[in-house]
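Before any comments, here is the structure.
The values are calculated or read from the model by the stated rules, or taken from the named source; none is laboratory data. All values derive from a computational prediction rather than experimental measurement. Don't worry about glycine lacking a Cβ; one is built from the backbone with ideal geometry, like all the others, and counts go over all protein chains shown.
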Amino acid sequence: MNCPHHIQWVIAAPNGLHQCLQCFEVVTRKDITPKFEDLGPELQRQWEAHEAAAKRAEPAQAAP
Ligand SMILES: [Zn+2]
C-alpha cells in the first residue's frame, strides 16, 4: 500500500483508533503524513485526546 495517509484524510475511528479515508486502513501516528511531530499543537491535541478517551474506557490499562 503506497498511501501516505495524509492527515486531511485521517479521521477518528472507534476505540481510540484513527482511520485513513483514502485507503480505509487503521493508521497510527507513525503512519501519517506529515509526521505527527509536524502537525502542530491543535491536531496533536485532538489526536491524543481521542486516544486518551478510549484508554479511559479500558480499566485494564490504568494510568500509572
Ligand atoms: Zn491511507
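Would you check if there is a residue in the range 32-39 being within 11 Å of the chain's Cα centre (by Cα), outside any helix (DSSP H, G or I) and at pLDDT 95 or above?
Scanning the range 32-39, I find at least one residue that is within 11 Å of the chain's Cα centre (by Cα), outside any helix (DSSP H, G or I) and at pLDDT 95 or above, so the answer is yes.
Between a residue in the range 19-32 that is closer than 17 Å to Q46 by Cβ and any residue that is more than 7 Å from the ligand (Cβ to nearest atom) and among the small types (G, A, S), which pairs come within a Cβ distance under 6 Å, given they are 6 or more apart or on different chains?
These pairs meet every condition: Q19/A13.
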